[in-house]
Amino acid sequence: MNGFKGHGCRKGWRGGRPPVPRRVEFFYGNIVFIPSTLYFQHSVFNGIVLFHDELEAFRLAYLEGLNVREASARMNVSEATYWRILDSARRKIAEALAYTKPIIILPREPPRETPPDIEGDEKKS
């Protein structure tokens with residue numbers, strides 16, 4: 001008496017639904033995202049520029065598992081600003097993975113060649 005008897009007996013049946021094949025529209029092949037220390041122009045290199053604050057927001061949310069309130073406090077920004085930064089990072093990373101673009105991590109402002117003058121350090125003539 002194998003099979004379903006109509007009263008909840010699952011003897012002889014599989015443990016669940018068979019897996020449904022997943023639809024993938026593109027075949028990407030083997031891709032490696034190589035970190036680079038060089039500063040590339042976005043228009044020339046055609047990569048995704050991920051800024052340090054976006055990477056930090058992404059790290060706090062997904063690696064450390066912090067909620068919005070805790071992560072925004074760690075980054076010293078408002079919760080709304082943190083959410084916008086995180087959303088921007090997620091979109092950029094998704095675009096880079098979906099369209100096989102390199103990810104370039106840069107600071108928001110390029111480093112200055114000479115530090116700005118500090119008012120207290122100016123020499124008086």
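No value in this document is a laboratory result; all are computed from the given coordinates. Since the model is a prediction, treat every value here as computed from it, not as a measurement. Here the Cβ is made from the backbone with ideal geometry for all residues, glycine too, and neighbour counts use every protein chain on show.
Observations on the model:
- Here's the picture: charge each Lys and Arg Cβ at +1 and each Asp and Glu Cβ at -1 in the range 49-108, and of 81, 63, 100 the one pushed furthest to the positive end of that dipole is 100.
- Environment charge of residue 85, counting only residues whose C-beta is closer than 9 Å and scoring Lys/Arg +1, Asp/Glu -1: -3
- Nonlocal amide H pairs with residue 105, under 5 Å, H built at 1.01 Å: 36, 50
- Overall shape: prolate for the range 49-108, with the ratio a/c of the largest to smallest alpha carbon gyration tensor axis at 1.5 or above and a/b above b/c.
- Using only side-chain charges placed at the Cβ, +1 for Lys and Arg and -1 for Asp and Glu, the dipole size of the range 49-108 relative to its Cα centre rounds to 140 debye.
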